[in-house]
Amino acid sequence: MATTTATHLKLQPKKPKRRKCRETTISSSASATSANNTDPTSTGSWPRNPSRKIDPPTVVSADNSSSCLATKPIHSANTSTKEPDSPETVKIRFSPGSLSPVMDFTGTSTTTTYSNGHHSPNDSSSFPSSFSKFNSALTAGLLNPMSPPLPSYKMARSSPTLFEMMASEPDVQPRTHQIATPNSSRPPLPLQISAQDKQNLIMQRITDLLVTRSPGNQFNDASSGDVKLTLSSKDGISVSMNVHRQILVAHSSFFAMKLSDRWAKQQRGSLPYVVEIADCDDVEVYIETLRLMYCRDLRRKLMKEDVSRVLGILTVSAAIGFDAGVLSCLEFLEAAPWAEDEEEKVASLLSELRLEGVGAGEVLKRVSVEASNVGEEGSDNEEVLLKLLHVVLEGKDEKARREMKGLLSKMLRENSSQIDLRKESLYSACEGCLKLLHHNFLRAARGDLEDVGQIARQADNLHWILDILIDRQIAEGFLNKWASLSELSDAHSKVPAIHRYEVSRVTARLFVGIGKGQMLVSKDVRCLFLQTWLVPFYDDFGWMRRACRGLDRHLIEEGLSSTILTLPLAWQQDIFLAWFNRFLNSGDDCPNIQRGFEIWWRRAFWRRNGEQEQTRPLRITTATIEN
């Protein structure tokens with residue numbers, strides 16, 4: 001027993017000085033002093049003392065601010081051990097100088113720190129795999145130096161030990177790189193490229209342009225070039241290359257003038273000639289343009305470029321008089337598809353460069369009309385629009401008709417000031433729909449339901465045309481025509497509601513238009529309109545509410561209230577009293593125009609009584625003055 005105690009005292013290391021630390025510390029490299037003072041047997045086996053009480057390893061969570069990991073049992077009364085609430089809340093930090101004989105190894109002296117900043121306790125994916133394995137071993141008590149060793153049959157296993165797994169782990173990134181931000185759902189900010197990095201990227205592309213050339217191409221050939229051309233930009237980029245005077249003079253009127261024979265003689269025969277072009281807008285595009293002078297098939301070369309790059313090459317080619325380059329760029333632009341944002345760039349650049357004589361007109365025909373044909377083209381545009389209008393009105397596929405109606409309405413609304421669609425043309429299409437509606441509605445009233453589907457179809461067409469007329473502020477004629485259709489109104493009750501409620505949608509749209517002031521007609525027309533269509537509208541309101549998808553009931557009710565309130569007060573009273581009785585008997589199947597009713601009530605009673613009360617004091621005051 002005494003021998004055992006002596007062995008225990010020999011193995012027990014010196015008690016470390018306590019440090020205030022919020023994280024558990026485990027060494028990744030042992031100091032030389034610890035390695036020398038520790039018995040070698042402690043790193044390879046565990047003390048065998050079954051009679052000794054084994055204390056569990058002390059693991060301190062981030063919430064404990066006054067203790068660290070104890071690698072041996074400490075029987076001090078002042079030592080307090082606090083277990084973490086959950087294994088996920090334990091924070092681990094590597095630091096040199098730990099006294100754990102199992103984790104101390106001298107393979108590396110690098111210190112890796114994993115701070116406990118903002119890591120979520122439940123986010124185990126942010127720790128390396130070795131830490132998960134270490135946590136499991138720590139929980140099982142394998143890292144306690146005073147724990148008894150595992151049985152030999154358990155130690156003799158084929159799987160690697162924890163030490164081997166951590167030793168073979170690749171370089172561990174610092175914990176600070178894996179801290180999760182509080183707002184992890186926020187999208188990452190776009191990468192900001194500094195001006196220097198941007199310039200370096202440009203220089204790299206320029207270098208590739210100067211170095212890469214096909215076999216036999218003499219561009220930037222130092223052995224055969226007789227002109228040392230230097231290009232410099234306002235951004236401070238300066239590039240020199242070797243070119244050939246003969247090629248430049250043959251392809252460019254600018255270089256033909258600058259590098260003339262007279263100029264060459266003035267250089268006194270010194271080769272290569274030195275030429276510098278300063279203040280280039282884009283050195284990279286300038287080099288691309290010069291490379292095209294060495295190509296036999298310019299169109300094939302430009303096929304690899306996009307529209308923006310070709311526009312840049314066109315600008316440089318026009319500036320230096322490179323006619324073949326200008327023509328090739330125009331041919332490319334005429335044949336290549338354009339994006340929506342590129343269309344404006346093409347039209348603007350071609351108008352600025354004034355290249356009509358070399359084929360720019362063919363390109364511009366895609367986006368503009370020649371001035372000489374504006375008058376003829378205006379009538380042609382109206383014919384095209386009318387054809388589109390009639391195709392939509394007569395189309396057979398209902399889904400496609402709805403989509404194209406929305407598309408045409410959008411285009412007409414966006415370009416209402418530029419598209420010359422005459423009022424007569426729209427009303428002509430409207431008349432055709434009204435005739436078909438009138439014919440099929442009266443047939444259905446007589447009991448002939450063969451083409452009863454045409455009622456809803458033509459009513460929908462009229463609703464669409466009415467929207468276009470209201471957008472163009474020319475819908476008063478439609479209201480006059482609709483108010484006079486008393487024959488349809490009289491036959492309304494004889495047609496099944498399932499077929500006729502689409503007609504009342506047209507009436508509802510007129511209510512909204514009048515209520516918003518989009519149609520200004522006389523009170524006689526407004527009164528006739530209500531006399532003709534108000535009762536049929538009441539009858540169909542329940543069907544409209546249930547069958548029409550996207551119906552804005554409150555908008556229609558507000559429009560109806562405003563329409564009634566535009567009439568003389570006596571007519572308002574008749575209409576609102578009739579509505580009051582109908583609403584009490586129909587409920588939701590009748591439009592709720594309570595707001596308009598309240599306004600009429602105040603007009604009819606409150607103000608009338610107020611005027612009488614205000615008149616009496618005036619009479620008394622007058623009498624007092626006379627006395």
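Coordinate-derived values only; no laboratory data. Worth saying up front: this structure is predicted, and the values here are computed from it rather than measured. Neighbour counts run over all protein chains shown; Cβ positions are idealised from the backbone, glycine included.
The packing ranking, built from the mean of other Cβ atoms within 10 Å per residue, places the peptides 315-323, 344-352 in the order 315-323, 344-352, highest first. Taking each residue as 0.36 nm, the span from ASP524 to SER486 lengthens on full extension beyond its C-alpha to C-alpha distance by 12.2 nm. The 3J(HN,Hα) values that the Karplus relation (6.51, -1.76, 1.60; θ = phi - 60°) gives for region 533-540 are, in residue order, 10, 5, 5, x, 5, 4, 5, 9 Hz. Gly and Pro appear as x. Taking amide hydrogens as placed 1.01 Å from N in the peptide plane, the amide H of TYR273 sits under 5 Å from those of VAL227, LYS228, each at least 5 positions away in sequence or on another chain. Applying Stokes-Einstein at 37 °C and 0.692 mPa s to the Kirkwood radius of region 422-608, computed over alpha-carbon pairs, gives a translational diffusion coefficient of 193 µm² s⁻¹. Each residue of region 583-596 is assigned a 3J(HN,Hα), and the resulting list reads 5, 5, 9, 10, x, 5, 7, 10, x, 8, 10, 4, 4, x Hz, derived from the Karplus form 6.51 cos²θ - 1.76 cosθ + 1.60 (θ = phi - 60°), x at Gly and Pro. Annotation: amide H-H contacts under 5 Å for MET293 (H modelled 1.01 Å from N, sequence separation of 5 or more, or interchain): none.
In plain terms, the chain from THR207 to GLN473 could stretch by 89.6 nm, reckoned as 0.36 nm per residue minus the Cα-Cα distance. The slack between LYS198 and GLU334, meaning 0.36 nm per residue of separation minus the straight C-alpha distance, is 45.7 nm. Placing pseudo-labels 7 Å out from each Cα toward the beta carbon at ARG413 and GLU394 gives an inter-label distance of 2.8 nm. Taking all Cα pairs closer than 8 Å and separated by 6 or more residues, the relative contact order of region 422-608 comes to 20 percent.
Rounded to the nearest whole Hz, the Karplus-based 3J(HN,Hα) values (6.51 cos²θ - 1.76 cosθ + 1.60, θ = phi - 60°) of region 510-516 follow the sequence 5, 4, 5, x, 5, x, 8, with x at glycine and proline. For ALA319 and VAL384, a Förster radius of 51 Å and the Cβ-Cβ distance give a FRET efficiency of 0.80, rounded to the nearest 0.05. Of the peptides 225-236, 528-539, the order by per-residue mean of other Cβ atoms within 10 Å, starting with the highest, comes out as 528-539, 225-236. Computed packing ranks the peptides 290-302, 543-555 as 290-302, 543-555, most packed first, by mean other Cβ atoms within 10 Å. Quick one: which of LYS481/LYS523; LYS345/LYS365; LYS387/LYS410; LYS387/LYS423; LYS228/LYS258; LYS198/LYS304 span more than 20 angstrom between C-alpha atoms? Violating the 20 Å limit, Cα to Cα: LYS198/LYS304. Label zone (ASN581, point 7 Å along Cα-to-C-beta; backbone nitrogen cut-off 18 Å) within region 547-570: 570.
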